[in-house]
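For reference, the structure discussed in these notes is given below.
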């Protein structure tokens, strides 16, 4: 599907852009270069934060990927939450590219990196983590 979009629209899409665009309207915004993102993700945060539900006035909920690294299982969860509950998933950034997980990576180092990414959305804790 991604290859079809890339060829038809003559653009380069990353798999994370598809995840960040769960609706046709938001995907169209990316294709047109008019993304509706309400926050600024850069660097590592841009690689691993997948916004599943950005609207809402409640404290954001952050959910960490399962063992496979992808956040596919959480798309259905987002549809079950109240519309005022923002939900952001943390996807393994190595899933989206061909870079293998560094050999010196540990749970502690990933947790530290994920916390820095979370701070791009919510600068101070406490944080709601699943």
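Just so it is clear, none of the values below were taken in a lab; they were calculated from the coordinates. Everything numeric in this text was worked out from a predicted model, so none of it was measured. When we count neighbours, we look across all protein chains shown, and the Cβ atoms used for this are built from the backbone with ideal geometry, even at glycine.
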(request) Fewest Cβ neighbours within 10 Å first, please rank 127, 74 accordingly. (result) 127, 74
(request) Report the semi-axes of the equivalent ellipsoid for segment 66-130 in whole Å, largest first, where each axis is √(5λ) for an eigenvalue λ of the Cα gyration tensor. (result) 23, 17, 9
(message) Which of 62, 75, 88, 8 has the fewest other C-beta atoms within 10 Å, and how do the rest follow up to the most?
(response) 8, 75, 62, 88
(request) Sort 48, 120 so that the residue with the fewest other Cβ atoms within 10 Å of its own Cβ comes first and the one with the most comes last. (result) 120, 48
